[in-house]
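The values are calculated or read from the model by the stated rules, or taken from the named source; none is laboratory data. Every value quoted in this text rests on a predicted model; they were computed, and no experiment measured them. Positions of Cβ are backbone-derived with ideal geometry, glycine not excepted, and every protein chain shown enters the neighbour counts.
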Amino acid sequence: MTQVHVPVSVPYDVEIGPGLLSGLGDKVNALCPKASRFLVVTDDTVGPLWAQKALDSLAAAGLAAAVYTLPHGEASKTAASLIDILNFAAAEHLTRSDAFLALGGGMVGDLTGLAAATYMRGVAYIQIPTTLLAAVDSSVGGKTAVDLPAGKNLMGAFWQPRHVLCDTDTLSTLPDADFTSGCAEVIKTAVLFDEELFEELSRDGKAFDRESLIARCVAWKRDIVAEDERDTGRRALLNLGHTLGHAVEAESGFALSHGQCVAIGMATVCRAAAKGGLCVSDVPEKVDAVLEKFGLPIRTDIPLDRLMERMLSDKKRAGATVSVIVPEAIGRCAIRPMDRAALQDLMKAGL
Ligand code: GLY
(Lines give C-alpha, C1' and ligand atoms only; values in the text may rest on other atoms or scores of the structure.)
Protein backbone atom coordinates (compact mmCIF):
# COMPACT_ATOMS: atom_id res chain seq x y z
CA MET A 1 0.00 0.00 0.00
CA THR A 2 1.20 3.51 -0.80
CA GLN A 3 0.08 6.55 1.17
CA VAL A 4 0.10 10.18 0.03
CA HIS A 5 -0.60 12.89 2.60
CA VAL A 6 -2.59 15.92 1.41
CA PRO A 7 -1.76 18.91 3.67
CA VAL A 8 -4.76 21.18 3.00
CA SER A 9 -6.97 23.12 5.48
CA VAL A 10 -8.33 19.81 6.79
CA PRO A 11 -5.50 17.38 5.95
CA TYR A 12 -6.15 13.81 4.86
CA ASP A 13 -4.44 10.79 3.37
CA VAL A 14 -4.85 9.01 0.08
CA GLU A 15 -4.23 5.26 0.36
CA ILE A 16 -3.59 3.28 -2.79
CA GLY A 17 -3.22 -0.47 -3.11
CA PRO A 18 -4.92 -3.81 -3.70
CA GLY A 19 -7.53 -5.18 -1.28
CA LEU A 20 -8.08 -1.93 0.64
CA LEU A 21 -11.89 -2.19 0.44
CA SER A 22 -11.79 -5.10 2.91
CA GLY A 23 -10.38 -2.72 5.51
CA LEU A 24 -13.00 0.00 4.88
CA GLY A 25 -14.93 -0.66 8.12
CA ASP A 26 -11.88 -0.35 10.36
CA LYS A 27 -10.72 2.69 8.43
CA VAL A 28 -14.00 4.61 8.81
CA ASN A 29 -14.28 3.58 12.45
CA ALA A 30 -10.92 5.21 13.05
CA LEU A 31 -11.63 8.28 10.91
CA CYS A 32 -15.25 8.93 11.96
CA PRO A 33 -15.46 7.60 15.54
CA LYS A 34 -18.73 9.42 16.25
CA ALA A 35 -20.52 8.16 13.13
CA SER A 36 -23.13 5.48 13.70
CA ARG A 37 -24.61 5.32 10.20
CA PHE A 38 -23.12 5.61 6.72
CA LEU A 39 -24.56 6.39 3.32
CA VAL A 40 -22.84 4.59 0.46
CA VAL A 41 -23.52 6.39 -2.83
CA THR A 42 -22.73 4.40 -5.96
CA ASP A 43 -23.99 3.78 -9.50
CA ASP A 44 -25.66 0.85 -11.20
CA THR A 45 -22.38 -0.30 -12.80
CA VAL A 46 -20.09 -0.16 -9.77
CA GLY A 47 -22.71 -1.02 -7.11
CA PRO A 48 -23.33 -4.62 -8.25
CA LEU A 49 -19.57 -5.21 -8.48
CA TRP A 50 -18.23 -3.63 -5.30
CA ALA A 51 -20.94 -2.35 -2.92
CA GLN A 52 -21.38 -5.70 -1.13
CA LYS A 53 -17.67 -5.85 -0.36
CA ALA A 54 -17.88 -2.36 1.16
CA LEU A 55 -21.01 -3.27 3.14
CA ASP A 56 -19.46 -6.53 4.42
CA SER A 57 -16.44 -4.64 5.67
CA LEU A 58 -18.62 -2.02 7.38
CA ALA A 59 -20.80 -4.75 8.95
CA ALA A 60 -17.71 -6.64 10.19
CA ALA A 61 -16.67 -3.44 11.98
CA GLY A 62 -20.17 -3.15 13.50
CA LEU A 63 -21.27 -0.27 11.26
CA ALA A 64 -24.69 0.21 9.67
CA ALA A 65 -25.03 1.58 6.14
CA ALA A 66 -27.66 2.43 3.57
CA VAL A 67 -26.93 2.38 -0.18
CA TYR A 68 -28.13 4.92 -2.74
CA THR A 69 -27.64 3.81 -6.36
CA LEU A 70 -27.69 6.21 -9.31
CA PRO A 71 -27.90 5.38 -13.00
CA HIS A 72 -24.30 5.46 -14.29
CA GLY A 73 -23.03 8.28 -16.51
CA GLU A 74 -22.72 12.04 -16.61
CA ALA A 75 -26.51 12.44 -17.09
CA SER A 76 -26.94 11.61 -13.38
CA LYS A 77 -24.72 14.48 -12.23
CA THR A 78 -27.62 16.89 -11.73
CA ALA A 79 -29.15 19.10 -9.07
CA ALA A 80 -32.14 16.71 -9.07
CA SER A 81 -29.86 13.78 -8.14
CA LEU A 82 -28.30 15.90 -5.41
CA ILE A 83 -31.72 16.61 -3.87
CA ASP A 84 -32.64 12.93 -4.15
CA ILE A 85 -29.51 11.93 -2.23
CA LEU A 86 -30.16 14.54 0.47
CA ASN A 87 -33.78 13.37 0.83
CA PHE A 88 -32.59 9.77 1.02
CA ALA A 89 -30.02 10.64 3.71
CA ALA A 90 -32.74 12.41 5.72
CA ALA A 91 -35.16 9.48 5.31
CA GLU A 92 -32.37 7.18 6.53
CA HIS A 93 -31.93 9.43 9.58
CA LEU A 94 -28.28 10.27 8.99
CA THR A 95 -27.10 12.89 11.46
CA ARG A 96 -24.37 15.50 11.34
CA SER A 97 -21.85 13.11 12.86
CA ASP A 98 -22.52 10.42 10.24
CA ALA A 99 -20.68 10.17 6.93
CA PHE A 100 -21.11 9.58 3.20
CA LEU A 101 -19.00 7.15 1.21
CA ALA A 102 -18.56 7.81 -2.53
CA LEU A 103 -18.05 4.43 -4.22
CA GLY A 104 -17.50 4.99 -7.94
CA GLY A 105 -15.94 7.19 -10.58
CA GLY A 106 -15.87 10.94 -11.07
CA MET A 107 -19.63 11.44 -11.35
CA VAL A 108 -20.33 9.61 -8.07
CA GLY A 109 -17.42 11.32 -6.31
CA ASP A 110 -18.31 14.86 -7.38
CA LEU A 111 -22.00 14.42 -6.59
CA THR A 112 -21.48 12.68 -3.25
CA GLY A 113 -18.96 15.32 -2.24
CA LEU A 114 -21.47 18.08 -2.92
CA ALA A 115 -24.18 16.16 -1.06
CA ALA A 116 -21.78 15.83 1.89
CA ALA A 117 -20.91 19.54 1.68
CA THR A 118 -24.57 20.53 1.94
CA TYR A 119 -26.26 17.86 4.08
CA MET A 120 -26.90 19.48 7.47
CA ARG A 121 -24.38 22.17 6.45
CA GLY A 122 -21.64 19.64 5.93
CA VAL A 123 -20.81 16.06 6.92
CA ALA A 124 -17.69 13.96 6.44
CA TYR A 125 -17.24 11.91 3.29
CA ILE A 126 -14.72 9.40 2.05
CA GLN A 127 -13.80 9.00 -1.58
CA ILE A 128 -13.50 5.41 -2.81
CA PRO A 129 -12.53 5.89 -6.47
CA THR A 130 -13.13 2.90 -8.73
CA THR A 131 -11.95 4.43 -12.03
CA LEU A 132 -8.46 5.48 -13.06
CA LEU A 133 -9.72 9.00 -13.77
CA ALA A 134 -11.17 9.36 -10.28
CA ALA A 135 -8.09 7.77 -8.70
CA VAL A 136 -5.55 10.11 -10.31
CA ASP A 137 -7.63 13.28 -10.40
CA SER A 138 -11.20 13.88 -9.28
CA SER A 139 -11.17 12.05 -5.91
CA VAL A 140 -8.34 14.26 -4.60
CA GLY A 141 -8.56 17.98 -3.94
CA GLY A 142 -12.11 18.57 -2.70
CA LYS A 143 -13.77 19.85 -5.86
CA THR A 144 -17.41 18.77 -5.69
CA ALA A 145 -20.11 19.66 -8.21
CA VAL A 146 -23.11 18.87 -10.35
CA ASP A 147 -23.76 20.05 -13.90
CA LEU A 148 -26.34 22.66 -14.86
CA PRO A 149 -28.00 22.84 -18.29
CA ALA A 150 -25.63 25.75 -19.05
CA GLY A 151 -22.48 23.70 -18.44
CA LYS A 152 -20.42 21.17 -16.53
CA ASN A 153 -19.72 21.57 -12.80
CA LEU A 154 -21.47 24.95 -12.58
CA MET A 155 -22.96 24.21 -9.14
CA GLY A 156 -20.48 23.06 -6.54
CA ALA A 157 -18.33 23.65 -3.48
CA PHE A 158 -14.85 23.01 -2.19
CA TRP A 159 -15.27 20.29 0.43
CA GLN A 160 -12.29 18.09 1.17
CA PRO A 161 -12.84 14.37 1.77
CA ARG A 162 -11.89 12.93 5.17
CA HIS A 163 -9.91 10.23 3.33
CA VAL A 164 -9.39 8.71 -0.10
CA LEU A 165 -9.27 4.92 -0.25
CA CYS A 166 -8.20 3.69 -3.66
CA ASP A 167 -8.47 -0.10 -3.91
CA THR A 168 -6.59 -0.88 -7.14
CA ASP A 169 -8.50 -4.19 -7.42
CA THR A 170 -11.57 -2.19 -8.43
CA LEU A 171 -9.75 -1.09 -11.60
CA SER A 172 -9.78 -4.73 -12.74
CA THR A 173 -13.51 -4.51 -13.52
CA LEU A 174 -13.14 -1.22 -15.39
CA PRO A 175 -14.07 -1.50 -19.10
CA ASP A 176 -11.16 -0.86 -21.45
CA ALA A 177 -12.66 2.39 -22.75
CA ASP A 178 -12.95 3.80 -19.21
CA PHE A 179 -9.40 2.79 -18.37
CA THR A 180 -8.18 4.50 -21.54
CA SER A 181 -10.18 7.61 -20.63
CA GLY A 182 -8.38 7.75 -17.27
CA CYS A 183 -5.04 7.41 -19.07
CA ALA A 184 -5.66 10.85 -20.63
CA GLU A 185 -5.47 12.41 -17.14
CA VAL A 186 -2.26 10.44 -16.48
CA ILE A 187 -0.73 11.76 -19.70
CA LYS A 188 -1.94 15.25 -18.73
CA THR A 189 -0.05 14.98 -15.44
CA ALA A 190 3.11 13.96 -17.29
CA VAL A 191 2.85 16.84 -19.80
CA LEU A 192 2.28 19.28 -16.93
CA PHE A 193 4.93 18.20 -14.46
CA ASP A 194 6.86 15.04 -15.15
CA GLU A 195 9.04 14.57 -18.25
CA GLU A 196 10.38 11.28 -16.91
CA LEU A 197 6.86 9.89 -16.55
CA PHE A 198 6.10 11.11 -20.08
CA GLU A 199 9.09 9.15 -21.41
CA GLU A 200 7.96 6.04 -19.51
CA LEU A 201 4.42 6.31 -20.89
CA SER A 202 5.76 6.89 -24.41
CA ARG A 203 7.91 3.77 -24.10
CA ASP A 204 5.70 1.37 -22.13
CA GLY A 205 2.13 2.49 -22.92
CA LYS A 206 -0.43 0.96 -20.56
CA ALA A 207 2.03 -1.57 -19.11
CA PHE A 208 2.53 0.45 -15.92
CA ASP A 209 2.31 -0.55 -12.28
CA ARG A 210 -1.04 0.88 -11.26
CA GLU A 211 -0.31 1.50 -7.58
CA SER A 212 2.90 3.43 -8.19
CA LEU A 213 1.55 5.33 -11.18
CA ILE A 214 -1.57 6.46 -9.29
CA ALA A 215 0.56 7.46 -6.30
CA ARG A 216 2.88 9.47 -8.57
CA CYS A 217 -0.03 11.35 -10.20
CA VAL A 218 -1.71 11.94 -6.81
CA ALA A 219 1.56 13.32 -5.40
CA TRP A 220 1.77 15.87 -8.24
CA LYS A 221 -1.86 16.84 -7.71
CA ARG A 222 -1.29 17.04 -3.93
CA ASP A 223 1.51 19.57 -4.44
CA ILE A 224 -0.72 21.83 -6.52
CA VAL A 225 -3.79 21.49 -4.27
CA ALA A 226 -1.71 22.16 -1.14
CA GLU A 227 -0.43 25.35 -2.74
CA ASP A 228 -3.76 26.54 -4.16
CA GLU A 229 -6.63 24.74 -2.44
CA ARG A 230 -9.38 27.12 -3.67
CA ASP A 231 -8.22 27.25 -7.29
CA THR A 232 -7.27 30.91 -7.49
CA GLY A 233 -3.82 30.43 -9.00
CA ARG A 234 -1.62 27.54 -10.07
CA ARG A 235 -4.32 24.89 -9.64
CA ALA A 236 -5.63 26.11 -13.02
CA LEU A 237 -2.71 24.17 -14.55
CA LEU A 238 -4.71 20.99 -13.91
CA ASN A 239 -7.10 22.20 -16.62
CA LEU A 240 -4.61 21.45 -19.40
CA GLY A 241 -6.70 20.29 -22.37
CA HIS A 242 -9.95 21.00 -20.52
CA THR A 243 -11.03 24.35 -22.05
CA LEU A 244 -11.38 22.81 -25.50
CA GLY A 245 -12.04 19.37 -23.99
CA HIS A 246 -15.18 20.46 -22.13
CA ALA A 247 -16.42 22.20 -25.29
CA VAL A 248 -15.91 19.04 -27.38
CA GLU A 249 -17.54 16.94 -24.65
CA ALA A 250 -20.67 19.11 -24.62
CA GLU A 251 -20.83 19.46 -28.42
CA SER A 252 -20.52 15.69 -28.83
CA GLY A 253 -23.53 15.31 -26.51
CA PHE A 254 -21.22 13.36 -24.16
CA ALA A 255 -20.78 10.69 -26.86
CA LEU A 256 -17.03 11.08 -26.37
CA SER A 257 -15.60 10.28 -22.92
CA HIS A 258 -14.03 12.95 -20.71
CA GLY A 259 -10.58 11.46 -21.34
CA GLN A 260 -11.05 11.41 -25.12
CA CYS A 261 -12.05 15.08 -25.02
CA VAL A 262 -9.12 16.05 -22.78
CA ALA A 263 -6.82 14.22 -25.21
CA ILE A 264 -8.20 16.23 -28.14
CA GLY A 265 -7.88 19.44 -26.10
CA MET A 266 -4.30 18.67 -25.06
CA ALA A 267 -3.15 17.68 -28.57
CA THR A 268 -4.80 20.77 -30.08
CA VAL A 269 -3.26 23.23 -27.62
CA CYS A 270 0.18 21.63 -28.12
CA ARG A 271 -0.07 22.00 -31.92
CA ALA A 272 -1.24 25.59 -31.51
CA ALA A 273 1.52 26.44 -29.02
CA ALA A 274 4.21 25.07 -31.34
CA LYS A 275 2.85 26.99 -34.34
CA GLY A 276 2.79 30.18 -32.25
CA GLY A 277 6.38 29.64 -31.10
CA LEU A 278 5.24 29.23 -27.49
CA CYS A 279 6.65 25.75 -26.95
CA VAL A 280 9.51 23.48 -27.96
CA SER A 281 8.77 22.44 -31.55
CA ASP A 282 8.72 18.64 -31.06
CA VAL A 283 6.09 18.74 -28.27
CA PRO A 284 3.04 18.21 -30.54
CA GLU A 285 4.63 15.24 -32.30
CA LYS A 286 5.54 13.62 -28.96
CA VAL A 287 2.11 14.31 -27.40
CA ASP A 288 0.21 13.07 -30.48
CA ALA A 289 2.35 9.90 -30.46
CA VAL A 290 1.74 9.06 -26.80
CA LEU A 291 -2.00 9.77 -27.05
CA GLU A 292 -2.28 7.54 -30.12
CA LYS A 293 -0.25 4.81 -28.38
CA PHE A 294 -2.94 4.82 -25.67
CA GLY A 295 -5.77 4.73 -28.26
CA LEU A 296 -6.86 8.31 -27.56
CA PRO A 297 -8.04 10.75 -30.27
CA ILE A 298 -6.03 13.85 -31.16
CA ARG A 299 -8.45 15.80 -33.40
CA THR A 300 -12.08 16.84 -33.67
CA ASP A 301 -14.03 17.89 -36.75
CA ILE A 302 -16.54 19.94 -34.73
CA PRO A 303 -16.47 23.46 -36.27
CA LEU A 304 -14.54 26.10 -34.33
CA ASP A 305 -17.47 28.55 -34.10
CA ARG A 306 -19.51 25.99 -32.15
CA LEU A 307 -16.60 25.23 -29.85
CA MET A 308 -15.85 28.94 -29.30
CA GLU A 309 -19.27 29.59 -27.75
CA ARG A 310 -18.81 26.68 -25.37
CA MET A 311 -15.27 27.75 -24.43
CA LEU A 312 -16.40 31.28 -23.71
CA SER A 313 -19.11 30.08 -21.34
CA ASP A 314 -16.64 27.81 -19.52
CA LYS A 315 -16.29 28.53 -15.82
CA LYS A 316 -12.55 29.07 -16.29
CA ARG A 317 -13.54 32.43 -17.80
CA ALA A 318 -12.82 35.55 -15.70
CA GLY A 319 -14.44 38.70 -17.08
CA ALA A 320 -13.60 38.87 -20.78
CA THR A 321 -10.72 36.38 -20.63
CA VAL A 322 -10.35 32.62 -20.47
CA SER A 323 -7.29 31.04 -18.84
CA VAL A 324 -5.73 28.61 -21.27
CA ILE A 325 -3.01 26.21 -20.18
CA VAL A 326 -0.26 26.30 -22.76
CA PRO A 327 2.63 23.79 -22.82
CA GLU A 328 6.13 25.25 -23.07
CA ALA A 329 7.97 21.92 -22.93
CA ILE A 330 7.14 18.40 -21.77
CA GLY A 331 6.81 18.79 -17.99
CA ARG A 332 6.33 22.55 -18.04
CA CYS A 333 3.15 24.53 -18.85
CA ALA A 334 1.99 28.12 -18.35
CA ILE A 335 -1.35 29.75 -17.55
CA ARG A 336 -2.19 32.33 -20.25
CA PRO A 337 -5.30 34.52 -19.95
CA MET A 338 -6.72 35.12 -23.45
CA ASP A 339 -9.49 37.26 -24.84
CA ARG A 340 -11.90 35.98 -27.47
CA ALA A 341 -9.72 36.93 -30.43
CA ALA A 342 -6.54 35.39 -28.96
CA LEU A 343 -8.39 32.19 -28.01
CA GLN A 344 -9.90 31.92 -31.49
CA ASP A 345 -6.49 32.41 -33.18
CA LEU A 346 -4.86 29.85 -30.89
CA MET A 347 -7.52 27.20 -31.45
CA LYS A 348 -7.61 27.83 -35.22
CA ALA A 349 -3.87 27.14 -35.30
CA GLY A 350 -4.27 23.89 -33.40
CA LEU A 351 -7.44 22.34 -34.82
N1 GLY B 1 -9.56 18.38 -11.70
C2 GLY B 1 -8.96 19.64 -11.60
C3 GLY B 1 -8.78 20.11 -10.19
O4 GLY B 1 -8.98 19.33 -9.27
O5 GLY B 1 -8.47 21.24 -9.98
Kindly indicate whether Arg235 is part of a helix (DSSP H, G or I) and within 11 Å of the ligand (Cβ to nearest atom). yes
What about Thr189, is it within 11 Å of the ligand (Cβ to nearest atom), under 15 Å from the mean Cα position of the chain (by Cα) and not aliphatic (A, V, I, L, M)? yes
Are there any pairs, at least 6 apart or on different chains, whose C-beta atoms fall under 9 Å, with the first in segment 217-233 and farther than 13 Å from Gln160 by Cα and the second among the hydroxyl-bearing types (Ser, Thr, Tyr), and if so, which? Cys217/Thr189; Val218/Thr2; Val218/Ser139; Trp220/Thr189; Lys221/Thr189
Output the residue which, of all residues in segment 107-117 that are within 16 Å of the ligand (Cβ to nearest atom) and not acidic (Asp, Glu), is surrounded by the fewest Cβ atoms within 10 Å (Cβ to Cβ). Ala117
Counting only residues that are part of a helix (DSSP H, G or I) and either within 15 Å of the ligand (Cβ to nearest atom) or β-branched (Val, Ile, Thr) (or both), segment 238-262 contains a total of 12
Residue count, segment 118-163 (criterion: within 15 Å of the ligand (Cβ to nearest atom), farther than 28 Å from Met311 by Cα and not polar (S, T, N, Q)): 2
Test each condition in (1) crowded, with 16+ Cβ neighbours inside 10 Å; (2) in contact with a helix residue (DSSP H, G or I) (Cβ under 6 Å, 6 or more places away or on another chain); (3) in contact (Cβ under 8 Å) with a residue 24 or more places away in the chain for Thr173 and report the one that comes out false. (1)
Scanning for something more than 14 Å from Lys188 (Cα to Cα), in contact with a helix residue (DSSP H, G or I) (Cβ under 8 Å, 6 or more places away or on another chain) and of a type in the set (Ser, Thr, Tyr), does segment 261-282 turn up at least one residue? yes
Can you spot a residue in segment 201-217 that is under 23 Å from Ala349 (Cα atoms) and modelled with pLDDT of 95 or more? no
Residue check, Ala102 crowded, with 23+ Cβ neighbours inside 10 Å, assigned to a strand (DSSP E or B), in contact with a helix residue (DSSP H, G or I) (Cβ under 9 Å, 6 or more places away or on another chain) and small (Gly, Ala, Ser): yes
So Glu211 ticks every box in (1) in contact with a Ser or Thr (Cβ under 8 Å, 6 or more places away or on another chain); (2) acidic (Asp, Glu); (3) surrounded by 23 or more Cβ atoms within 10 Å (Cβ to Cβ) but one. Which box is left unticked? (3)
Those residues of segment 177-208 that are farther than 17 Å from Glu285 by Cα, among the charged types (D, E, K, R) and crowded, with 24+ Cβ neighbours inside 10 Å come to a total of 1
